[in-house]
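Inspection log for the structure reproduced underneath, given as structure tokens.
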Amino acid sequence: MQRLIDGYSRFRTKVFPKHSRLFAKLAAGQKPQALFIACSDSRVMPEMVMQCDPGDLFPCRNAGNLVPPPTETTSGVGATIEYAIRVLKIPDVVICGHSDCGAMKGLLQYEDLDKLPLVKSWLQYAGPSSRWLQDALEDAASWSFEQKLAMLTEANVVMQMENLRAHPAVVEAVKAGALQIHGWMYDIGSGRIRRFDPETGTFHPLIAEGQPSLPTQAKPKLRTA
Ligand SMILES: [Zn+2]
């Protein structure tokens, strides 16, 4: 904890004074560029990865970057989405999965979650991904755990994009041409982001970096519906 307090001390003495005009402007309101739905994982730092300033991103983070259906009102995810779109008029939503995701590992080892009843309950919203995985990979027994995990994590991003489209605020904004939905995958070890391409049903590098893209798993296309 002392390390955190020391960090706050540096923020107060060095960082805040340097950016005081930005903070003064932000004190009067916010106009974030994107609603960013990501996992709670401590290694996923969208503000750092995209070099954002305070006020740029409207984050919504939970175990497994899940978007429950609109009928689920206790988690706060739906309320965050509704506020972001109807009040802040945010034009883009990113659902970002990541490598080595504990929530996705939990889905693959569902029977081991008995000691984590709240996690187990929450992960039901990723259930369609898991069932889809089972349906799509009848020969999954030949896959390594890592291959299954990579596949499930990508499938989950696509499924959460679909779940998002069920929210009334999203339906309205998409219909009005005022909202774009993006699905990303963040690789912790390389720092690279891949984006979901609905045309091909696969993930591609977000930007060209002059290097071969990460090897992709031999897999069927991810379906968006
Ligand atoms: Zn995660």
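The values are calculated or read from the model by the stated rules, or taken from the named source; none is laboratory data. Keep in mind that what you see is a predicted model, and the values were worked out from it rather than measured. All Cβ positions, even for glycine, are placed from backbone atoms using ideal geometry, and neighbour counts span all protein chains on display.
From Gly64, Gly55, Gly78, which residue is under 26 Å from Arg194 (Cα atoms), of a type in the set (Gly, Ala, Ser), surrounded by 13 or more Cβ atoms within 10 Å (Cβ to Cβ) and free of Cβ contacts under 8 Å to residues at least 40 places away in the same chain? Spell out how you get there, then give the answer.
Values: Gly64 fails: free of Cβ contacts under 8 Å to residues at least 40 places away in the same chain; Gly78 fails: free of Cβ contacts under 8 Å to residues at least 40 places away in the same chain.
Step by step, each of Gly64, Gly55, Gly78 is checked, and only Gly55 is under 26 Å from Arg194 (Cα atoms), of a type in the set (Gly, Ala, Ser), surrounded by 13 or more Cβ atoms within 10 Å (Cβ to Cβ) and free of Cβ contacts under 8 Å to residues at least 40 places away in the same chain.
Taking the stated definitions as given, is Ile95 in contact with a His (Cβ under 8 Å, 6 or more places away or on another chain), at pLDDT 95 or above, away from the ligand (no atom under 16 Å from the Cβ) and among the β-branched types (Val, Ile, Thr)?
Considered against the rule, which asks whether it is in contact with a His (Cβ under 8 Å, 6 or more places away or on another chain), at pLDDT 95 or above, away from the ligand (no atom under 16 Å from the Cβ) and among the β-branched types (Val, Ile, Thr), Ile95 comes out as no.
For region 39-68, enumerate the residues that are within 13 Å of the ligand (Cβ to nearest atom) and in contact with a helix residue (DSSP H, G or I) (Cβ under 6 Å, 6 or more places away or on another chain).
Ala63, Gly64, Leu66
Taking region 167-188 as the search range and keeping residues that are assigned to a loop (DSSP other than H, G, I, E, B) and over 17 Å from the mean Cα position of the chain (by Cα), which one is surrounded by the most Cβ atoms within 10 Å (Cβ to Cβ)?
Per the stated criteria, the residue is Ala178.
Could you list, in sequence order, the residues of region 143-192 that are without any contact (Cβ under 8 Å) to a residue 24 or more places away in the chain, of a type in the set (Lys, Arg) and closer than 23 Å to Gly127 by Cα?
Arg165
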